[in-house]
1. Name the residue that is nearest to A:Asn604 (Cα to Cα), counting only residues in the stretch A:628-639 that are among the aliphatic types (A, V, I, L, M) and modelled with pLDDT of 85 or more.
2. B:Asp133 - would you say it is acidic (Asp, Glu), assigned to a helix (DSSP H, G or I) and closer than 29 Å to B:Val62 by Cβ?
3. Out of the residues in the stretch A:647-693 that are under 30 Å from A:Glu561 (Cα atoms) and of a type in the set (Gly, Ala, Ser), state the one that is nearest to the chain's Cα centre (by Cα).
4. If you scan the stretch B:73-84, which residues turn out to be more than 8 Å from chain A (Cβ to nearest Cβ) and surrounded by 23 or more Cβ atoms within 10 Å (Cβ to Cβ)?
5. Quick one: which residue in A:Val676, A:Val658, A:Val694 is open to solvent by less than 10 Å² (accessible area, probe 1.4 Å) and more than 9 Å from chain B (Cβ to nearest Cβ)?
6. Being in contact (Cβ under 8 Å) with a residue 24 or more places away in the chain, farther than 18 Å from A:Gly429 by Cβ and touching a strand residue (DSSP E or B) at 6+ places or on another chain (Cβ under 7 Å) narrows it down to one of A:Asp509, A:Asp525, A:Asp501, so name that one.
7. State the number of residues belonging to the stretch A:221-247 that are assigned to a loop (DSSP other than H, G, I, E, B) and open to solvent by 20 Å² or more (accessible area, probe 1.4 Å).
8. I'd like the full set of residues that are surrounded by 22 or more Cβ atoms within 10 Å (Cβ to Cβ) and small (Gly, Ala, Ser), limited to the stretch A:697-718.
Amino acid sequence: MNSSSKSSSLRKVEFPSSSSRGGGAFASSSSPQNSCSSWETFDDDDVHCNDENDDDDARARRSVRRRPSLADAQPSNRDRTTEENNNAEKSASARNHHPISEDVAFARMNKPNDVRLRNLFFQRDVSVYSSVAETARIRANTFNANGKKPNEKLDIRDWLMNDDGDDDAVVDVYAVGFQEIVPLQVQKVLKVQDVERDARMWDEKILRCLNSVSARNGVGGGYVKITSVQLVGVYLTIFVREELIRKGSIRERPIATKVATGFSLGFGTGSMNVKLGNKGGCCALIKIRDTTIAFVCAHLAAGSKEEDAKRRNADAAEILQKCVFAPDEDEQGEDERDFRSSNSIRWEKPSRTRTIHDATVSIFFGDLNYRLNAPKDDVLEHVRLKSNEAELNASSFRASASNYIPLLKHDQLLNEMQSGNVLPGYREGSIEFPMTYKFKPGTSRYSGIGRAATSSSKDNINNNESDYENDFNDEFDDGESNSTKADDKEEKKKRAPAWCDRVLWKGDDLHLLGYRDHDEIYHSDHKPVSATFELKCRTVDYNGRLERMLTDLQRKLDAEETNRAHATKVVLESGTMCDFGEVHYCERVTRRIQFKFPRNNHGNAVSFTLGFHGRGGSYDDLVNDTEDDAPKWVRDITPAKATVSAETSVFVDISAFVGGAGTIRSVGASNSLDAVLVIRAEHCQDAYIALTGVYAQNPIFGAPLRSLPPSVFPPDVPSVISTLIDSLFAFGSISKNDLFTQKSSEKERMNAVNNCLRLCGVSQSAFNDMHSSSSSSLLDDFTALSVMSSSKPSSSVVELALALLEFFHALPEPLFGDGSLFTGCFRDEEYMDEAARKQRLENVLRQSLEKTAYASATYTLAFLTNYVGRNSPSSSTRLESVCRAFANAWFSKADASTFSLVRRQEIVKCLLSSSGNTAATTHHQQLNDLFSTTNSTTTTNSNPTNSAAGAAKVTRSLLDL
Amino acid sequence: MSNSSHGAQQSQTQAKLVLLGDMGAGKSSLVLRFVKGQFFEHQESTIGAAFMTQTVTVDDHVVKFEIWDTAGQERYHSLAPMYYRGAAAAIIVYDMQSQQSWQRAKSWVRELQRQGNANLVIALAGNKSDCKDMRKVSKEEAEAYAEEQKLSIFLETSAKSGECVNDLFYSIANKLPKQARATPQEGGRGGVVLDANAGQNRQKSQCC
């Protein structure tokens, strides 16, 4: 058998799922937790990875570019979910591939807590970020010594070093595992010194053998033991070529640990410390370059019953699970420290506690105790038939592989591994040697085959150590009858031969070169087994490829996050614009928008809100400012929030309305109505609808006082005020008690505004036409029109009053501003009688207001005084209503005012009783006299045109005066 | 690998980054180039705003950009404050082939300076450097302006060729953490949030 043929004949056939993966990995696909593994072979992994990246990018590109249509939103989300699940599974199984432990990797990544990144990282192949710096030859030797000490005659050289290979390459690491290094008797087991002494004897023997051979072969430096660990009869000891330490390939102190399984000494006390340790595992972790190798030497539960296989499975799992390598464990024995100090080499301390999962590769070997799932007698009969009748030994049996190969299909370990019940991810070389157990000690004869009780059982060797010969091991575990030293009994127990001693491995960087037994060792009832590997020892390209890979992964995650935020997009069925067109003063324009939400995987119901806020920092943060950013001119959004079904069109009405100084101000000088409505729903990308429109500037409402054409008489009063007031007189306002008490609806406001404009002889559209030509000519026209009104006002006096109020409301600057000009009037109010205060207020008006404002104020005040009257029964209610209405119209809105509403009303009241502008008062008086007579002869609403004309006449006559 | 190499103090910054500029300046293209390494000759115009994340590592510091790519059209101007409020950084992009774009960029600078977040990292990017023959805004002029306005970064970029695009974002990332650590953002809605987990990494450097 040569090594190349062996390695190429890995047991692919039995594990068909592995063939797709190449490399002969039969490990994982049958085990549930590995079912999604995406391990790649090393030969072409760069290609693989690039492909994968491309796919990811392509996917991201697709989902962004193809603005997700309704139809595919849902399935794509579902895909993602399953994909994530798969990723989680992948990451669990793929860890062992990484030469650097995850913490190290993530320390480099500066992002230790991002699970998603971690998962992605573990899906990537090591070769992406590391390169093979050297290869090391690793030899794993296992031997169940059956409790016998090594003696001088025992030649372990072949077992240790011979792998039948043609090339005599130097082995760099020897991992030697023993089981039953001491007889498993209770009294022996408890004698710690004895136990340790036996282990040291083996160490010395091995080291002597290695160094004598290497010296003979001229291999420089020889070998040193770097670590060992013992669990009662299980002993793992590791030797490396000094050269590896000297040249820095091995720098980190190896860590070793042990896990006891098997019997608990205290019978169920459950404490680990009293586990007898008759079974269990010894584990060691060494690091060559950045590749971490775990060795697990195990002695699993014995027993030939079928269910015992399950116990072995459990033991193996327990060992792997519990084996924790703590960096703080005491430094190892004297020998290796001496070596290092003499060479002034210091171990680097392992940076943290590790588990078996941190290993890049691991080798699990020992007396795994798996038997053949076949009737004992049948097996024995088979062996007997195939063996040379006379010899009944393994030599003749082993002569032809066809003698034992048929038995392999009954092998429990192979079957259990294939079913994924034990050691998932591990592989084994093809077994091309006969069963390694159970031999008559000192022979190569299988126990239980020959005639009972031959005298040869104790021949040849080991007579002096007969007290070690008891097989307590099986007594403990099998619970069979008490032990006896007699070989007769031993023969009668009739154990079927089995491949108990095995070497398994995990990790693609390990390449099996040879796997064999050593039947030349007669020392024990087991034959030793050895496996030789070539290990690719990697160094991680931390700053180059690792960093690039992590950057790429991060990019991928970011893309995923972006895609998630964009997962669902509102379908704007009415487009991204909502145009209100021309919006006139106090004239509501309503538009309907239509949109729908595509179905997504968050259920059929979608709750949305419409507003003027989007999301803030990260996509899911809503901007929750208390300040209302809705533009003042956006009047109603119905509904502004609702829960609707996906795929159903939603209709929302939005109104634009400009009325009052506040809204006009918000529209600004450009007169453009612009806002962006944000449709926001959970799990949905924000959608934006641009609201747009033009505010058709009004010639009267909202225009500054001074810009308005003055009336002919009284001077300085804007014609609109005089027209309104004259009309009020003309239409009999004096007789109406509720002139200023009615609450106005939006529609009434609009009518009032339109009537006022008509009264003043301008229509909004006419104005706009004129406005577009020239403003100076407009004013001329307007002046003429206002006086020579030929339109027919159908307005009631209430509408006129409303228009008057609206006019003041719409002024860019309220007539009295924020009221601060009156502050002085109230400074020492206690000593002030009403007349004095009135005097002061009037003075303030005269001094503080510019002349148009002053004229407007006094003229209106005069009218109001007249309206309120003196001693009529309705005076007080009229007074009250007028004060309330004008306290609002003449001052800034509530919170911008210096004064409270009560105080403002007081000011208005005070001013009303004053008689400031005598000319205006006289004028009003005359008007009043004139119209009261007219009204007495005509009904209130009759022939308003005549009244208006009359008013105009009066005005002109007064002007002539 | 030596142990000392993986115990560095790690921190992660989340930074809101907003792109502003005239329509057609190439804001979306810059983001697309940076995030996906792609470029489309006819990038459709952004409606409202678009959101993307991108994480970059500078030295030992990880910055996760939450990028708001705003629409350049004037009608979406009203949205802009929503996105630059609380931002840690802003990239003002102009098209070096357009004076109008340049004027608009300057008005964005003014607007950002008016809103008064002293910690805001403002980067000025003259985009479309791939066709320098068509240049209408000289590098000198823009450079001088950036200096005068004390803008943190000025670069001429090309989303088409990729020139200086990464530089732009990495320079910002570089400027961020220091500022973020220096002063906590006012108003409680700062754009920079140091990862609460930073520094809690249980694995500490242990050198023998």
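The values are calculated or read from the model by the stated rules, or taken from the named source; none is laboratory data. As the structure is a prediction and not an experimental result, all values here were calculated from the model. Note that each Cβ is placed from the backbone with ideal geometry, even for glycine, and that neighbours are counted across all protein chains shown. Surface areas here come from the heavy atoms of the whole protein model, side chains and all, with no ligands, DNA or RNA. Shrake-Rupley method; radii C 1.70, N 1.55, O 1.52, S 1.80 Å.
1. Quick first cut of the stretch A:628-639, residues among the aliphatic types (A, V, I, L, M) only: A:630, A:634, A:637.
Still in the running and modelled with pLDDT of 85 or more: A:634, A:637.
Working: A:Val634: 30, A:Ile637: 24 Å.
Here the answer is A:Ile637.
2. No, not satisfied.
3. Among those that are under 30 Å from A:Glu561 (Cα atoms) and of a type in the set (Gly, Ala, Ser), it is A:Ala681.
4. Matches in the stretch B:73-84: B:Tyr84 only.
5. So the residue among A:Val676, A:Val658, A:Val694 that is open to solvent by less than 10 Å² (accessible area, probe 1.4 Å) and more than 9 Å from chain B (Cβ to nearest Cβ) is A:Val658.
6. Details: A:Asp509 fails: farther than 18 Å from A:Gly429 by Cβ; A:Asp501 fails: farther than 18 Å from A:Gly429 by Cβ.
So the residue among A:Asp509, A:Asp525, A:Asp501 that is in contact (Cβ under 8 Å) with a residue 24 or more places away in the chain, farther than 18 Å from A:Gly429 by Cβ and touching a strand residue (DSSP E or B) at 6+ places or on another chain (Cβ under 7 Å) is A:Asp525.
7. Here is the first cut: in the stretch A:221-247, the ones assigned to a loop (DSSP other than H, G, I, E, B) are A:221-222, A:232-233, A:247.
Next cut, open to solvent by 20 Å² or more (accessible area, probe 1.4 Å) only: A:221, A:232, A:247.
Summing the residues that are assigned to a loop (DSSP other than H, G, I, E, B) and open to solvent by 20 Å² or more (accessible area, probe 1.4 Å) in the stretch A:221-247 gives 3.
8. A:Gly702, A:Ser711
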